[in-house]
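Visitor: Would you mind keeping the following structure in view while I ask a few things?
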Amino acid sequence: MGIQITPSILAADFANLDRDIAAVPSADAIHVDVMDNHFVPNLTIGLPVVEAIRKHTTHELDLHLMIMDPDRWAPEYVEAGAESVSFHVEAAAAPVRLAREIRALDAKAALAVKPATPIEPYADLLGEFDKILIMTVEPGFGGQAFLDIVMPKVRRTRELIAGTGRQIALQVDGGISERTIDQAIAAGADVFVAGSAIYGADDPDAMIRSLRARGDAEIHHNHVH
């Protein structure tokens, strides 16, 4: 399958979320950043807002929980309407049990890791997940610069995924734009969270289509060579 672009509403206007979500019909999913002011310094939105977003869009909701105690909260976000939930391995007490709980509720489970967290200790767990999310900025704030130093980890994660023999998506989040997406694709990522690049554009949906076209061309180029 081709690449997927999931716009982050962290860069949208929180007072006009329904308008800004409606402005990106080409999105593969809507990426929703949940921050608790404990795991990360920022505070964003919680369950009531996710429930409200669910009523206003038919898009898949791709939740990224940057919170303490995801073991307790992640299943509630599935019940609030999320089709995919990423939780941080740095915060989870029992990541495999939680992944199985999320998948038992018919949602996709994703393992998220911060830039400084190595993937290797979790190599044996990857088969429990539908997606691995590698942060390409420190989680907590939108609009940060892309960390290209994380690309070797993305590459190693892609190799570990290949070793599972399963179809597991590899998502990157942070600083993704027309300038940086090629590097991330070359490293093996196939799902891209973009916030400022999309919502800062004159036409957010055109930017999604541009990123996807750029990504598909890069994948084709890599396969040809």
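The values are calculated or read from the model by the stated rules, or taken from the named source; none is laboratory data. All of these numbers come straight from a predicted model, not from anything done at the bench. Backbone-built Cβ (ideal geometry, glycine too); neighbour counts: all protein chains shown. Areas reflect the complete protein model, heavy atoms only, side chains present, ligands, DNA and RNA absent. Shrake-Rupley method; radii C 1.70, N 1.55, O 1.52, S 1.80 Å.
Visitor: Pull up all non-local amide H partners of residue 144: gap of 5 or more, or a different chain, and H-to-H distance under 5 Å with H placed in the peptide plane.
Guide: Answer set, sorted by chain and number: 175.
Visitor: Next question. Which one of 40, 66, 17 is farthest out on the positive end of the charge dipole of the range 1-74, using unit charges on Cβ (Lys, Arg +1; Asp, Glu -1) and the Cα centre as origin?
Guide: 17
Visitor: If you roll a 1.4 Å probe over the chain with all protein chains in place, what percent of the accessible area is carbon or sulfur?
Guide: Working: 5020 of 9830 Å².
Solvent-exposed carbon and sulfur of the chain make up 51 percent of the total.
Visitor: Moving on. Contour minus end-to-end for residue 186 and residue 13, with contour as 0.36 nm per residue of separation and end-to-end as the Cα-Cα distance?
Guide: Additional length available on full extension: 59.1 nm.
Visitor: So, one more: Working with all protein chains in place, sort 160, 43 by solvent-accessible area computed with a 1.4 Å probe, largest first. Don't skip to the answer; put the middle values down first.
Guide: Values: 160 55, 43 115 Å².
Greatest to least solvent exposure: 43, 160.
Visitor: Looking at the chain, do any whole DSSP H helices span at least 15 angstrom along their long axis by alpha carbon and average -1.0 or above on Kyte-Doolittle, and which? Mind dumping the intermediate values first?
Guide: Working: long enough: 151-164 (20 Å, -0.58); 204-224 (30 Å, -0.74).
Those that pass (Cα extent of 15 Å or more, hydropathy at least -1.0) are 151-164, 204-224.
Visitor: Evaluate the distance, in nm, between pseudo-label points positioned 7 Å from the Cα of residue 196 and of residue 220 along their respective Cα→Cβ axes.
Guide: Simple spin-label model gives 3.1 nm for this pair.
Visitor: With a 1.4 Å probe and all protein chains kept in place, how do 218, 159, 138 rank by accessible area, largest first? All intermediate terms of the calculation are to be shown ahead of the outcome.
Guide: Values: 218 35, 159 120, 138 85 Å².
Final ranking, largest accessible area leading: 159, 138, 218.
Visitor: Below 8 Å between Cα atoms, with a sequence gap of 6+, how large is the relative contact order for the chain in percent? Spell out each step's value before the answer.
Guide: Numbers: 446 pairs, mean separation 45.6, N = 225.
With pairs under 8 Å counted, the relative contact order is 20 percent.
Visitor: At 1.4 Å probe size, with every protein chain present, just tell me what the per residue accessible area of the chain comes to in Å².
Guide: Numbers: 9830 Å² over 225 residues.
With the other protein chains kept in place, the chain gives 44 Å² per residue.
Visitor: Which one, 147, 211, 105, has the greatest fluctuation when you compute a Gaussian network model over the chain with C-alpha springs under 10 angstrom?
Guide: Maximum among the listed residues: 105.
Visitor: Against the 2.2 N^0.38 Å scaling, with N counting residues, where does the chain land? I'd like the Cα-based Rg ratio to two decimal places. Could the numbers behind the result be given before it?
Guide: Values: Rg = 16.1 Å, N = 225, 2.2 N^0.38 = 17.2 Å.
Output field value: 0.93.
Visitor: Determine, for each peptide in 57-63, 127-133, the mean count of other beta carbons within 10 angstrom over its residues, then list the peptides with the highest first.
Guide: Values: 57-63: 19.7, 127-133: 22.1.
Answer by packing, highest mean first, reads 127-133, 57-63.
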